[in-house]
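*Asks:* Dropping the structure in here first, questions after.
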2 protein chains.
Amino acid sequence: MILKSQVEWALHCCAILAGLPQGRYLSTKALAELHGLPKEYLSKALQSLSQASLVETTLGPSGGYRLARPTSEINFLDIVEAVEGKSRTFTCSNIRANNPCRPKDFCDSKPCSVARVMWQADEAWRNTLKSVSLADLVETLSEDVPADIWKNTFEWVLQRAG
Amino acid sequence: MILKSQVEWALHCCAILAGLPQGRYLSTKALAELHGLPKEYLSKALQSLSQASLVETTLGPSGGYRLARPTSEINFLDIVEAVEGKSRTFTCSNIRANNPCRPKDFCDSKPCSVARVMWQADEAWRNTLKSVSLADLVETLSEDVPADIWKNTFEWVLQRAG
DNA sequence: CTTATTAAGGACAATATATATCCGCAAATG
DNA sequence: CATTTGCGGATATATATTGTCCTTAATAAG
């Protein structure tokens, strides 16, 4: 079990969008070049963000993507689920029902005990992701990334945004 | 991202092994028939458990698998990691290093901020799995599964264990 | 000792998913 | 009008998952 690389891409792209001046759009092309990613395929990840209403888009020159909500109102889980889907990481195929000792018409009152534990772990994972917002990420990044690199990066992308 | 079906299989098999009388072995064949699973492929999952030293095996008639430790000393994480491997569910390909604004010889002091959050969530998932033992599972199962079905099931598998 | 049974593991095939690439369309910009 | 852009469909490739088949060596039972 491993997350798609698109999850990593989407998170980094959102981090950049989160640091953009109000209202500015950034194109797939700029985001792909900044991160050294295949433009056409990155586009699919950005489309997922768009379908999840995490970003807004506009067409034409100087078009592209911008966040649809304040950075404090978008969290990691929003982004991960936009790309990976919302379904749980553990699927119960209810193999207990194959037990030959069960009456054929027997109906379980609860979900499988094994699944309940796996789903509880899944929720713990999601809750952690939910607890970190893009605002938190930007704050951490500005501590980690040297100020001049950070500044140059935004000048670089804004130049490509026309 | 989704866990292998072998994880579900391994967990259910361990639950059965956990309820077995001391010292008794159960064969792949019996476990496969009980759960309605492909014997040859289930065998791979059981081999994973064996390689992780969670179960002991013996050959020949009346051979098979039994738990290598008391049920209180085997938890969900042990089993999940035996099948899925121990590597994290999020891999950081360090795409920040592709940023053209970074000096080429620049060396990061910390892991990527994005990865740190993802790994934190991964740990929350693992901690939950670690907190539930096979003993806990057996207890839950005996509450959920009607006593007669539970009893019949063990008579059924023990009969096939010779 | 002989025979049946078993786990282990290698080779292989089938299927599903992830990772791309390419193209045409419609909307926006200037 | 010409260019740029997001969007979605079609298609191709690579990798992972799921499943089968076979051989080998060890073990237990008769």
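The values are calculated or read from the model by the stated rules, or taken from the named source; none is laboratory data. Since the model is a prediction, treat every value here as computed from it, not as a measurement. We place every Cβ from the backbone using ideal geometry, glycine too, and count neighbours over all the protein chains shown.
*Asks:* When you scan the stretch B:65-80, how many residues do you find that are more than 14 Å from B:Ala18 (Cα to Cα) and within 13 Å of DNA strand D (Cβ to nearest atom)?
*Replies:* Count: 1.
*Asks:* Does any residue in the stretch A:11-40 that is at the interface with chain B (Cβ under 8 Å from one of its Cβ atoms) and over 16 Å from A:Val83 (Cβ atoms) come within less than 7 Å, Cβ to Cβ, of a residue that is in a loop (DSSP other than H, G, I, E, B) and away from DNA strand D (no atom under 15 Å from the Cβ) six or more places away or on a different chain, and which pairs are these?
*Replies:* That search, which allows pairs on different chains as well, returns A:Leu34/B:Asn99.
*Asks:* Residue pairs, Cβ under 8 Å, 6 or more apart or interchain, first in the stretch A:79-98 and farther than 18 Å from A:Gln120 by Cα, second among the basic types (Lys, Arg) and assigned to a loop (DSSP other than H, G, I, E, B). List them.
*Replies:* Final answer for the pair search is A:Val83/A:Lys4; A:Glu84/A:Lys4; A:Arg96/A:Arg102.
*Asks:* Yes or no: B:Ser93 of a type outside the set (Phe, Trp, Tyr), at pLDDT 95 or above and more than 22 Å from the chain's Cα centre (by Cα)?
*Replies:* yes
*Asks:* Among the residues of the stretch A:13-45, count how many are within 14 Å of DNA strand C (Cβ to nearest atom) and within 11 Å of the chain's Cα centre (by Cα).
*Replies:* 1
*Asks:* Can you tell which of A:Gly64, A:Gly23, A:Gly85 is farther than 22 Å from A:Ile149 by Cβ and touching a Phe, Trp or Tyr at 6+ places or on another chain (Cβ under 6 Å)?
*Replies:* Numbers: A:Gly23 fails: touching a Phe, Trp or Tyr at 6+ places or on another chain (Cβ under 6 Å); A:Gly85 fails: touching a Phe, Trp or Tyr at 6+ places or on another chain (Cβ under 6 Å).
Going through A:Gly64, A:Gly23, A:Gly85 in turn, the sole match is A:Gly64.
*Asks:* Now for a different question. Looking at the stretch A:49-64, which of its residues are more than 7 Å from DNA strand D (Cβ to nearest atom) and either touching a strand residue (DSSP E or B) at 6+ places or on another chain (Cβ under 6 Å) or within 14 Å of chain B (Cβ to nearest Cβ) (or both)?
*Replies:* Selection gives A:Leu49, A:Val55, A:Glu56.
*Asks:* So, of the residues in the stretch A:58-90 that are within 11 Å of DNA strand C (Cβ to nearest atom) and within 22 Å of A:Ser5 (Cβ to Cβ), which turns out to be surrounded by the most Cβ atoms within 10 Å (Cβ to Cβ)? Break it down stepwise before answering.
*Replies:* Going residue by residue through the stretch A:58-90, those that are within 11 Å of DNA strand C (Cβ to nearest atom) are A:58-64, A:83-85, A:87, A:89.
When the remaining residues are screened for being within 22 Å of A:Ser5 (Cβ to Cβ), the result is A:64, A:83-85, A:87, A:89.
Working: A:Gly64: 25, A:Val83: 22, A:Glu84: 17, A:Gly85: 11, A:Ser87: 11, A:Thr89: 19.
Out of the qualifying residues, it is A:Gly64.
*Asks:* Okay, next question. List the number of the failed condition for B:Asp108; all other conditions in (1) among the acidic types (Asp, Glu); (2) over 25 Å from the mean Cα position of the chain (by Cα); (3) modelled with pLDDT of 95 or more hold.
*Replies:* In the conditions (1) among the acidic types (Asp, Glu); (2) over 25 Å from the mean Cα position of the chain (by Cα); (3) modelled with pLDDT of 95 or more, B:Asp108 misses (3) alone.
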